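Since the structure comes first, as structure tokens, the remarks are kept for the end.
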């Protein structure tokens, strides 16, 4: 329901702004700009996102089927079962959904973007099998989605690479701030949903896992930043990501061979659903990207930023962070849009400027809530997202607030 009103609001605001530009400012191109964005964004949804996703979906759903037959999903479920059983109480013990969720989180955590989306869609499909109300998001699906929107990632490789391309003095200097911001987003999102779903957060297992993950992240960040140079960090990230990306299918295939599974036929069995899933999500992608495009092309983002700058200045606070805020506005809406705005911010203010660095931290602090809602819920036919969007945006807001805090702490 929330997505319905937000989508309508995008069009109404765009129409009003364009009408004002035409009548009072004489801008005869105002409506043409919006109409052009309608067609270009709809083409992007199909040609640049949905169709290219077919190959990745076909590949990884086939590999996941091999892993399922090999017993990898059950093995993962036993490892993470105690923790995930408590934050996903609706999932029965040893159900494949638990392993699928873990695989999805692992891929996103390590920055394996090519694998992350197909694995996430597979996990959502598994959760839909348990959903008694097929058109309404279940509690487990909402928890999964909100954790995805936090964009938790240990290695922000693409952001570091972009800073290196733009000749940053130290491309990796945003590494620790990004980790802190995205972790804050994930923890706040999880806690908020857990409170809403009346999950006991003081359970010993939950506290132990959160403490362990926090310790692991802290130790990893400390080791990488104190023992590796910036070139070594880049090399480590590249090697680790690609090694793990290829290691997953090798382990699955080896396990299937040991269990005497027909690997090729199993792969084909799983891969068949890849094209079908991608076709199913096209209407949702087109709707979401078109709404975002009209909101952006009418100039609403610029007006929003000007208003924020005025309020912050009147409050007597430092306004430097406002220069990077367009990245934060676009992040919940569009990953490519926020990435483009991050680059624009670095070009405008300088790669090593406060705004340039903060824009990078914003881009690494959370994920695209509206895109994820449209993609993941659309893939399984969920029409009523319940409180998924507000809580996803809460996680985004936590990430943005944490990003501003660590931005000033490290670079202010």
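Residue 259 satisfies every condition listed in (1) touching a helix residue (DSSP H, G or I) at 6+ places or on another chain (Cβ under 7 Å); (2) surrounded by 15 or more Cβ atoms within 10 Å (Cβ to Cβ) except (2).
Checking 312, 292 one by one, the residue that is part of a helix (DSSP H, G or I) and within 30 Å of residue 60 (Cα to Cα) is 292 and no other. Among the conditions (1) in contact (Cβ under 8 Å) with a residue 12 or more places away in the chain; (2) more than 14 Å from residue 379 (Cβ to Cβ); (3) part of a helix (DSSP H, G or I), residue 307 misses just one, which is (1).
Determine whether the stretch 110-120 contains at least one residue that is farther than 22 Å from residue 243 by Cβ, at pLDDT 85 or above and touching a helix residue (DSSP H, G or I) at 6+ places or on another chain (Cβ under 6 Å). Give the derivation first.
Pass one, the stretch 110-120, residues farther than 22 Å from residue 243 by Cβ: none.
No, the stretch 110-120 contains no residue that is farther than 22 Å from residue 243 by Cβ, at pLDDT 85 or above and touching a helix residue (DSSP H, G or I) at 6+ places or on another chain (Cβ under 6 Å).
Which of the residues spanning the stretch 26-55 are crowded, with 18+ Cβ neighbours inside 10 Å and either closer than 20 Å to residue 275 by Cβ or at pLDDT below 80 (or both)? Listed by number, the residues that qualify are 44, 45, 49, 50, 53.
Quick check on residue 264: is it surrounded by fewer than 19 Cβ atoms within 10 Å (Cβ to Cβ) and part of a helix (DSSP H, G or I)?
Taking the combined requirement at face value, the residue satisfies it.
Within the stretch 77-91, residues that are surrounded by fewer than 18 Cβ atoms within 10 Å (Cβ to Cβ) have Cβ atoms under 6 Å from residues that are in a loop (DSSP other than H, G, I, E, B) in these pairs: 86/203, counting only partners at least 6 apart in sequence or on another chain.
Scanning the stretch 343-399 for residues that are crowded, with 24+ Cβ neighbours inside 10 Å and without any contact (Cβ under 8 Å) to a residue 24 or more places away in the chain yields one hit, 345.
As for the stretch 327-337, it holds no residue that is at positive phi and either at pLDDT 85 or above or assigned to a helix (DSSP H, G or I) (or both).
Go through 406, 380 for me and flag whichever is in contact with a helix residue (DSSP H, G or I) (Cβ under 6 Å, 6 or more places away or on another chain) and over 26 Å from residue 281 (Cα atoms).
Values: 380 fails: over 26 Å from residue 281 (Cα atoms).
Criteria check complete, one pass: 406.
The values are calculated or read from the model by the stated rules, or taken from the named source; none is laboratory data. These figures come from a predicted structure and were not determined experimentally. All Cβ positions, glycine included, derive from the backbone under ideal geometry; neighbour counts span all protein chains shown.
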